[in-house]
Amino acid sequence: MQVDFFELSGLEGIDYCIVGSGPAGITCARELAKAGSKVLLLEGGGREVSQESQSLYEGKTIGDRYFPLDVCRLRAFGGTSGHWNGWCRALDEIDFEGKGPARLGRWPIRKSELALHLEKAAEILEIELPPPDADIPNSKLKRIHFVFSPPVRFAEKYGEEILGSQNIALCLNCNLTRINVSGSAVSSLSVQNYSDQTAEITAGTYVLACGGIENSRLLLWSNIASNGELLKERVRLTGRYWLEHPHFTLGVAILASDFGGSTEDLEEIYIAPSPQLMAERSVLNCGLRLTQYRHGTMRQLLEDVTCVAPHWANWAYEQVRNRTLCARQFYAAWEQEPRLENHVALGGTKDRLGIPEVELHWARSKLDLKTIRECAEAFAVYLADRDVGRAKIDPWVFGEGDYPEDSGPGGAHHMGGTRMAIDPDGGVVDRDCRLFGVPNLYVIGSSVFPSAGHANPTLTIVQLALRLVEHLRNRKDTH
């Protein structure tokens, strides 16, 4: 059911107050309600995106070029699922391990713990389970797969269910302005609407599900408003180790149509490094993506190849006539190094609610560039060694010039900032997404990712939400 703002003060017996109605928040609300819990679901925007709500997402980025912060997020019912293109892939087993020279990014849970919730998450997102990855013979690469949601818009798919539920109370245009604490626990939430009305909300347990930037922002601000009582020493890592997936075009390639031993999936081919390659070269995970190139450049590519591999080019001209070669656009989305310097901070300008706007500090590292260079080189060498194609990689990949301005900079995948860890020395929330030291406050969404892999985050977000619900239900049963 939907409740108006003025009705909030009269609500009693709320088991869970969930702030944020994106994929994480709606998944938690629906599953908890099915178990008979009373849930209050708060959304800072309305049923549709408005300038009034979007203005609260304004901020600035310091460092590398990035998207405007009020454009790459949506503050409305359904959250940023309204932007989502539907790409789905589970994280790899190695993504839960520390990678790179510093071995940072280790998760306190294993892939198997999330895999328990894969089928349910796939049902929610309306996807088929992807086929298994396949090693590419005589290489340290593998063919991987994505599956695609319609994509599911959470407000559209689950809106009527939520409005018709007797166990979920939905309040729109209700903005969290402060998390209040008493002793070590959260005592209430302060909220405000766009008419400047305020209210206090109490519940048994609170779940912050506001996205990979806003979760950090609200925790940092509430810590200041509580004179440091919310986070205490945990403020040191809150907002830190923020992550993206850099997305850039790398060049072009010519491939045999039976590349990798299969003629399937010719529209899109996805390649990734093996764990062995990542370990040997001390790099992170990466997804190389090859799509049909439709700009009439095959002749130019063959002319370029003739200069460096004339014998192969002569053979290739014959294959083109037989239509067994094709040109591919060669681009990638890859994992970013977890770095303390990349972080969400509070800026000097406040929004209309009195909360400091976001100041996002973000830059790519040398390891980020090394990762894509090593993976692209491994792919290009494989093509040449096996005579199944050639790749022409752009000079910037080798450090000759800056990242290109006509592609990138990322996937608007906001991760990290409230990272999951074994103990408070390594992160902000524990393995069950509970804020360290606070018994009744949980944080859910991609902000808890300690590292990112290269897979789009939505499937993992939903898996984590389902895992959190299981934990909350088990905890309630034992009390």
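Observations on the model:
- Residues in region 45-81 that a label on residue 402 would reach, taking backbone N under 13 Å of a point 7 Å out along Cα→Cβ: 63-66
- Proxy reagent accessibility, fewest Cβ within 10 Å first, across 244, 267: 267, 244
- Relative to the longest principal axis of the Cα atoms of the chain, the long axis of helix 298-308 lies at roughly 60 degrees.
- Cα convex hull of the chain, projected area averaged across orientations, nm²: 22.5
- Spin-label proximity, residue 157 to region 436-469 - amide N less than 13 Å from point 7 Å beyond Cα toward beta carbon: 458-463
- Förster radius 51 Å - calculated FRET efficiency between residue 350 and residue 381 (Cβ-Cβ, nearest 0.05): 0.45
- Inter-probe distance in nm under a simple model that places probes 7 Å from Cα toward Cβ, at residue 52 and residue 224: 2.6
- Whether region 420-470 is rounded, prolate or oblate, judged on the alpha carbon gyration tensor where a/c under 1.5 counts as rounded: oblate
- As a ratio to 2.2 N^0.38 Å, the alpha-carbon radius of gyration for region 113-199 is 1.79.
- Taking the helices alone, the chain has a mean residue ellipticity at 222 nm of -8000 deg cm²/dmol, built from -39,500 (n - 2.57) per DSSP H run of at least 4 residues and averaged over all its residues.
- Under the convention that each Lys and Arg Cβ holds +1 and each Asp and Glu Cβ holds -1, the size of the dipole of the chain around its Cα centre is about 580 debye.
- Note on residue 85 and residue 103: the extension gain reaches 3.3 nm, defined as 0.36 nm multiplied by sequence separation minus the Cα-Cα distance.
- Overall form of region 1-127 per C-alpha gyration tensor (a/c, 1.5; a/b vs b/c): oblate
- With the cut-off at under 19 Å, measuring from each backbone N in region 127-164 to a point 7 Å along the Cα-to-Cβ line of residue 115 picks out 128-135, 142-147.
- Near residue 113: Cβ cut-off under 11 Å, other residues only, Lys/Arg at +1 and Asp/Glu at -1. The net charge is +2.
Throughout, read-outs are computed from the coordinates displayed, never taken from laboratory work. As the structure is a computational prediction, the values presented were derived from the model and not from experiment. Every residue, glycine as well, gets a Cβ built from its backbone with ideal geometry; the counts of neighbours run over all protein chains shown.
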